[in-house]
1. Number of Lys pairs in the chain with C-alpha atoms less than 27 angstrom apart, excluding same-chain neighbours closer than eight positions?
2. If amide H atoms are built 1.01 Å from N in the plane of the peptide, which residues on other chains or at least 5 residues away come under 5 Å of the amide H of residue 3?
3. So for the chain: antiparallel DSSP bridges make up what percent, rounded to the nearest 5?
4. Convex hull over the Cα atoms of the chain, averaged projected area in nm²?
5. From the backbone phi of segment 61-69, what are the Karplus-calculated ³J(HN,Hα) couplings (6.51 cos²θ - 1.76 cosθ + 1.60, θ = phi - 60°) in whole Hz, Gly and Pro given as x?
Amino acid sequence: MGAYFDIGYKKPSLENYGERTLSILLNRVASGALEMLFDEALKETHPVIHEIIMEVLVLDQISFTDLNKTDFNVAVQAIRDCIASRKEPTEWQTFQKNVWEAQIEPLIQQDECYQQG
């Protein structure tokens with residue numbers, strides 16, 4: 001098994017009435033890659049945000065839902081900055097980037113807390 005990533009909720013609309021959850025279940029390798037990415041991007045510089053996101057990891061869950069709007073966007077930007085700062089990424093770091101961009105970014109951008117920019 002892997003981990004369940006709970007990103008948040010879509011902005012309410014007539015189209016998504018009732019089903020607003022933004023989440024995905026990733027396999028063990030993909031979820032492990034993101035755990036390591038989140039550790040690198042957040043653990044030292046934003047320890048409280050990191051703790052909130054990883055709080056339910058013992059249940060194989062990683063969740064952004066308990067972050068306020070500001071912290072949500074700080075976390076997203078820190079993760080993006082971490083990825084962008086890699087000048088010669090390893091194969092593993094490239095895999096992390098690909099999982100983030102293909103699986104998590106699309107959910108992030110639909111979240112009601114997300115602020116582009």
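1. 10
2. 26, 31
3. Among the beta bridges of the chain, antiparallel pairing accounts for roughly 70 percent.
4. The directionally averaged projection comes out at 7.5 nm².
5. Working through the residues one at a time gives 9, 10, 9, 9, 5, 8, 7, 6, 4 Hz.
All of the numbers you see were taken from the coordinates with simple rules; none came from a lab. None of the values given here were measured: they were computed from a predicted structure.
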